[in-house]
């Protein structure tokens, strides 16, 4: 059995750690409320943008556009959104697993990393980090999503990449966060049956379809990237709040067990001293 001094020292260390986890939980809770509000306010816009574009493409026949077919290059760009800090449970590792254990071949992937944790983990696994934009996740702005979108589209137009994907954590609610891999380019047309259920009328473009899509698709992709950033921030704080809450509860259990061990050790020490006193008194008499 450990000595009373060792038990007391360990108990003090856990109590200090528990104070930190409590503080981190409170900070994450405050950040989560703000991030959750931003995600809920913006979600309707991004959902509407996605439904509008897919509906538009579904109602259009015989459309030929560069954004609707894969590029010539076998390379695939993946925008990976994680966090710059840890202590968030499985938040970062789930996104990394989405890439490393997914169906996309490693040798064809070029990673556009947003978040140091994902960047470092994928770099250790041998993935090519094409660009590091980890600072974006600290305070996501629509302009940041626009710049990233423009870089991706330039590479797509130049034939450097043939497909573009987005890996992020979708925010469902405070306790449910879903790792998601979304294909951005080429934009996939909805199934004919699904499109017919929406409307049987075909879409007319003014100006021409190519000009309209040339303007609309970049905005569509930018919106999806920015929406993913907003949801990822909310998911990160939700995951960290849960992790710190769990750590605080575990610390309570450990402190309770150590208190029990300390009392047992103290009781054993007192019993031993009494035994020695009694034995000494008997020896004198």
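Odds and ends about this structure:
- Criterion violated by residue 260 - all others in (1) farther than 30 Å from residue 33 by Cα; (2) surrounded by fewer than 13 Cβ atoms within 10 Å (Cβ to Cβ); (3) modelled with pLDDT under 90 satisfied: (3)
- Among the candidates 229, 182, 189, residue that is in contact with a helix residue (DSSP H, G or I) (Cβ under 6 Å, 6 or more places away or on another chain), on the phi < 0 side of the Ramachandran plot and either surrounded by fewer than 18 Cβ atoms within 10 Å (Cβ to Cβ) or at pLDDT 80 or above (or both): 189
- Pairs with Cβ under 9 Å, 6+ apart, first in segment 204-221 and in the same structural domain as residue 51 (by TED's automatic domain parsing), second surrounded by fewer than 16 Cβ atoms within 10 Å (Cβ to Cβ) and modelled with pLDDT of 85 or more: 218/150
- Qualifying residue in segment 23-35 (condition: touching a helix residue (DSSP H, G or I) at 6+ places or on another chain (Cβ under 6 Å), touching a residue at least 24 places away in the same chain (Cβ under 8 Å), closer than 30 Å to residue 216 by Cβ and assigned to a helix (DSSP H, G or I)): yes
- When residue 94 is tested against (1) out of contact with any strand residue (DSSP E or B) (no Cβ under 7 Å at 6 or more places or on another chain); (2) in the same structural domain as residue 166 (by TED's automatic domain parsing); (3) outside any loop (DSSP other than H, G, I, E, B); (4) at pLDDT 90 or above, only condition (1) is not met.
- The set of residues from segment 44-62 being surrounded by fewer than 16 Cβ atoms within 10 Å (Cβ to Cβ) and either free of Cβ contacts under 8 Å to residues at least 60 places away in the same chain or more than 25 Å from residue 111 (Cβ to Cβ) (or both) comprises 44, 45, 47, 48, 51, 52, 61, 62.
- Residue 277 meets each of the listed conditions (1) outside the structural domain of residue 150 (by TED's automatic domain parsing); (2) loosely packed, with under 13 Cβ neighbours inside 10 Å; (3) closer than 30 Å to residue 137 by Cβ apart from (3).
- Restricting attention to segment 97-134, the residues that are in contact (Cβ under 8 Å) with a residue 60 or more places away in the chain, assigned to a helix (DSSP H, G or I) and surrounded by 15 or more Cβ atoms within 10 Å (Cβ to Cβ) add up to 2.
- Set 31, 11: member being surrounded by 14 or more Cβ atoms within 10 Å (Cβ to Cβ) and assigned by TED's automatic domain parsing to the domain that holds residue 263: 11
- Test result for residue 168, in the same structural domain as residue 226 (by TED's automatic domain parsing) and buried (at least 18 other Cβ atoms within 10 Å of the Cβ): yes
- Yes/no for residue 155 being farther than 30 Å from residue 237 by Cβ and assigned by TED's automatic domain parsing to the domain that holds residue 180: yes
- Residue list for segment 79-91, restricted to those being over 23 Å from residue 149 (Cα atoms) and outside any helix (DSSP H, G or I): 85, 86, 87, 88, 89, 90
The values are calculated or read from the model by the stated rules, or taken from the named source; none is laboratory data. Worth saying up front: this structure is predicted, and the values here are computed from it rather than measured. No Cβ is skipped: glycine too gets one built from the backbone with ideal geometry, and neighbour counts run over all protein chains shown.
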